[in-house]
Structures are given as C-alpha cells and as structure tokens.
1. Starting from region 380-400, take each residue that is open to solvent by 40 Å² or more (accessible area, probe 1.4 Å) and list its partners that are among the acidic types (Asp, Glu), counting only C-beta distances under 6 angstrom and pairs at least six apart or across chains.
2. Being touching a residue at least 60 places away in the same chain (Cβ under 8 Å) and surrounded by 15 or more Cβ atoms within 10 Å (Cβ to Cβ), is that true of even one residue in region 34-41?
3. Is it true that some residue in region 457-480 is modelled with pLDDT of 85 or more, open to solvent by less than 60 Å² (accessible area, probe 1.4 Å), touching a Phe, Trp or Tyr at 6+ places or on another chain (Cβ under 9 Å) and of a type outside the set (A, V, I, L, M)?
4. Could you pull out the residue among 359, 313, 371, 348 that is open to solvent by less than 90 Å² (accessible area, probe 1.4 Å) and closer than 30 Å to residue 504 by Cα?
5. One residue is enough: does region 485-492 have a residue meeting the conditions in contact (Cβ under 8 Å) with a residue 12 or more places away in the chain and either of a type in the set (S, T, N, Q) or outside any strand (DSSP E or B) (or both)?
6. Identify, please: which residue in region 206-217 is part of a helix (DSSP H, G or I) and open to solvent by 10 Å² or more (accessible area, probe 1.4 Å) and is, among those, nearest to residue 257 (Cα to Cα)?
7. Look at region 21-80 and say how many of its residues are of a type in the set (Lys, Arg) and assigned to a helix (DSSP H, G or I).
Amino acid sequence: MNNSIQLWLATQCRQLSGVSAAVVLAKTAAQSDGQPAAAWPEGIDPSESLLSLAQKALTDKQCRVQKHPASDENTGEPLDQVTCPLRIKGESVASVVFILARRPPKQQNELLRQLQSGIVWFETLIGLESSLQNTQLVTLVELLAAGFEHERFKQAALDIVNELCKHLQCDRVSLGFVKNTGIKIAALSTGARFNPKSNLLRAIGDAMLEAVDQGETVVYPSVSDTSHQLTHAHEQIRKKYHVDFLCTVPLVSHGKVVGALLFERTAGEPFDLRFVEYAEQLTALIGPLLEVRRREERNIIRRSSDSTKGILARIFGPGHLTLKVSLVLCVIIITVFSTIDGEYKVKASASLEAESQRAVVALQKGYIASASVRAGDVVQQGDFLGALDDKDLKLEEQRFLSEHEQLRKEYRGALAQHDRSQMNILKTKILQVEAQINLLREQLLRTRLLAPIDGLVVSGDLNQALGSPVKKGQVLFEIAPLGKYHVVLEVEEDDIRDIHVGQQGRLLLSSMVETPVAFTVTRITPVSVAGKGRNYFRVEADIKFKSDLLRPGMTGVAKVSIDERKLIWIWTHKAFNWIRIKLWASGLLVPYR
C-alpha cells in the first residue's frame, strides 16, 4: 500500500509545482499518532518539523494554507505550508503536508481546488485497499496518475480511456455522462475528436443508457444464462458495427449513477465474471474523480442550473424531511409576517447639545496666571474662572499714579502764584493721566475671568496652559446653561425621506439606560454631512425631560416613530434597497417610472 501512496504523492507534487518537500502520515493499529507512509522527494527522510505539522493536521477538519516560517535554502524565496487531513467516513486516517513556493491568495484558492480532486482520489484508494491485490492497486494508481496530470477534464478523460483500453485489452473504451434524459459521450479511446451526432455515438449512448437505467453492469453476450437484463441497444451495436463482446459499467458518485464506461472487443476472449468484477472496481475508483473534475469545469450557467435542479429534487423528491419541514416553516413565517403590521421606527445615533452657549474670551493680550475651573464644572454667574497676569498693568498704574501726584503738586504751586496759563496746562495733563489710570484699572478688571451665566463649563482647562500667551478675542471657556438641551440625531441618508417635523420619538442615553427620553422633531438640516465612514443628515429635536443628570455631549440611540407597516417590509427593506442600488449600478435594473 505504501508504494501506491508514494506514487499518489509523487503525482500530486508534480501537479502542484514548486513543491520542495512533502510527507504523508498514516495511522496504523500500532501507532494512532501516525507514521510516515510516503515522502517527497522520494528516498529522503522527512524532517521533524514536517512530521510535527502532519501530526497536527490529523486533528484538523479542513485544509489550511499558511506561511512557512523558513525560506527556500537555495533561492531564499518565502514558502507556504499546506496541511490536509485525509478522512474515510468522517474519521481521520492520514494527513498530508506540502512545503511549496509562496503563492498569492487567488492562486492559493486554485491550489486548494486541485487538492480536492487528489483527496477524493486518495480516499477512494484507501477504500479499495482491502478489495484489490497490491499489484492491481499499483496499476490503478498508475492509471489515475496518467489521467490527472492534465489540467483540463477532456484530456484527462481521454488519457484514462486510452489507458483502460490498453490495460484491459479492449478494442475501444467509451466514456459518457448523464445529461438530462440521455447520455453525452465525453471521450473515446479511438481518438480525441469525434462527431457526437454520428450513428455510432448515438448507438453507444443508447447502450450506456440501458446500463444506467437498470443501475447495473450489462454484458452482451451475457455471462449468465439466467440473466434477464435489457440488451437491445447492445445487440444493435454488435450487429451493425460487428463488435463481438460488449460490457457497460455504470459510473456511480455519491450513490447516484452519473455516467457509464462501455468496453468493446471485436475478437479475443469474451468478458467473464472476473473481468466484470475488476471493471466495476475500476469504475468505483475513477467514477467519483471524473465526476468531480467534470463538475469543476462547468460554466456558471450550468452550475446554477444544476444547483437549482438539486435543490428542487431535495424539496419535491423523496427524503430530506428536515429540509422540507424547515421550508414549510419558513413559508408560514413569511406569510404570517407579511400580513401583520408593526410600528416602523427609524433608528439613529443621537447626542445631547445645549440650546445655547456663552463664550468667555480674552479681552486683551496677556499671559494666563491662574485657573480655578475646568470642563465639567458647574458655575454660577459671577464666579471666578481664572485670571490673566496683571503685573505689568499694576506697574503701569503705579507709574501713572506717581505722575498724577507730581502734576497735582505743580498745579497747587501754580495756583499759589496765580499763574493761570500754567494752571490750565497742568489741569489738562492731570485729566490725561487720570484717563490713563482709569483705562489701566479697567484693563486690570478684565484680567479676571468671571462666569457670565449659570451653567456648565463645556470646554476650557487653563490649568494645562499656565504662563502661556493668549491673543485678544481668544476663547478660553465655553459655558452652557443647565436644563436647556435639545437632541441631535444623525439620520442615515436612506432613512431621511421618512423623517418630518413634528414626529415623536424616544431616546435612550448610554448613561441613563433605565430612563427613555421622549422628544419631538423640530428641524431637519437639508444638507448631508460626511463623517464616520457614512453620510447622514443632522436632525434636531426638543425634549421635555428635566433632570440634573443630563449633560451636554451625552450620546445614545434614538428611534423616531414613523407609521404602521408590514413586519416583513420593516425587516427586509434595507436589504432590498441595497440590492436595487447594486442592480441599478450594474445596469440590470430599470428604475420605476
């Protein structure tokens, strides 16, 4: 058996290309964790790391493609590792590991697709181990290796029928598959090209159909005197085309007859029971593999058609009780919810905003000296918020006070001397200095930042900027009045058409999940806003709820009540709208007039 596995592994490595090392680990009665059954390149001992990967793959449920930690020793190129469990009737019997050149994701998918055929081949090979002699099994592997070296199904099928024809000493071997109510010939051992409408091909198809309809091997002339099989089509081939012996074996895949192999001899020994048994064993092996290869090369229309037929067969055919019950329940549920009305609500992200905000700005240039509040603090009107540095202003005030006192002394001296002209000059200077002093005192008052209203400090934390300069008009604090809030909803653009002023809704804030807040839509912004990876419209709403716990910036989820609609529409309209847009974009949908 190990020779057959080695040949299988060698064939897979040649098909996949770029394989630098591979190993098959098979379970035995003595070792449940497996022992090496084959390695690539042939004759080398697999490394410990390769065997460790194969042991882990024994417990996997599917094939995996991962980056290999090492790189190619010769070229330094990165490598991939492919691990696959090999199962028989759901039980893991072996595993295979390939180390090969790294491939892009698309080629990795193609790699896994190629491995599927090889895995089906291996599983069938293991299943036939007990029923075939070792020499026969090796011959089978060689036969399949010749057929599966090709990427295209037609060339693979042609090689298989040619090998069968040579190995079984037949004059012609034909391969056909069931199509609708007839048989379509896929390959003839006599040549790659043939006319499917020829009388010979029609006769061969009719003979295959006889075996397919009866679900058993048909031999003509019969090897048993007690056989009651229908052999009219076989008899016609023998008479018209001078064929002495015919044997048609149905191809079975997953318990279903999918085609047939027709063996012909114009001379030599007739087909005996030993030949029939061997031919049936051959078809048991190659039938599922050929069917897998054939189905992989179907076009998308044929695949869709076959899938639809398969689904309909399971629904309306015998068996599959669970599927039928599930389908009936789905129909009942859809029918019920298509007749029941429910309240349609538009859901949107929402947040609280203050109805108005007052800004505390720097009335002059300066430097931040102190701060006593920060964002989140509640203040009363007139409360001290912070101050700008006033040292320079106080020094300037002292200078002008000293100058004012000096001018008053000079004024009194001029008054004593009755010098009217000097008195008028000094009086004017005194008034100018007093104006400067008043200006400085006003500027000193402006260095103190006071709360203009009762409310909550929404922004501003000068503690992190002490000593930094500020410009005239720079916003230092923002204060929002307490208790006066409105809700701002971010309504998706595909829902905005259902939103109107005056509609009612409810808001659930993240910090107050136990208390829904009712609101009324008051304003819809007619311009969409792009943000958070989507487009939405800003919708404002009033709330009547009063609570000391409410704060600007709180977020939650709002739902606006629209009207009563069918439940099935409420749950599916977004999906149908998305599909309609995609179809319209691809040009497959004509808009409603």
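1. These pairs meet every condition: 380/454; 381/454.
2. Yes, that holds for at least one residue.
3. no
4. 348
5. Scanning region 485-492 turns up no residue that is in contact (Cβ under 8 Å) with a residue 12 or more places away in the chain and either of a type in the set (S, T, N, Q) or outside any strand (DSSP E or B) (or both).
6. In this case the residue turns out to be 212.
7. Number of matching residues: 1.
Here is a yes/no grid of residues against (1) acidic (Asp, Glu); (2) touching a strand residue (DSSP E or B) at 6+ places or on another chain (Cβ under 9 Å); (3) open to solvent by less than 60 Å² (accessible area, probe 1.4 Å); (4) in a strand (DSSP E or B):
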position: 506; (1), (2), (3), (4): no, yes, no, yes
position: 520; (1), (2), (3), (4): no, yes, yes, yes
position: 530; (1), (2), (3), (4): no, yes, no, yes
position: 576; (1), (2), (3), (4): no, no, no, no
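The values are calculated or read from the model by the stated rules, or taken from the named source; none is laboratory data. Small disclaimer: the values here were computed from a predicted structure and weren't measured. Glycine also receives a Cβ, built like all others from the backbone with ideal geometry; neighbour counts cover every protein chain displayed. Quick note on the areas: whole protein, heavy atoms, side chains included, nothing else; ligands and nucleic acids left out. Shrake-Rupley method; radii C 1.70, N 1.55, O 1.52, S 1.80 Å.
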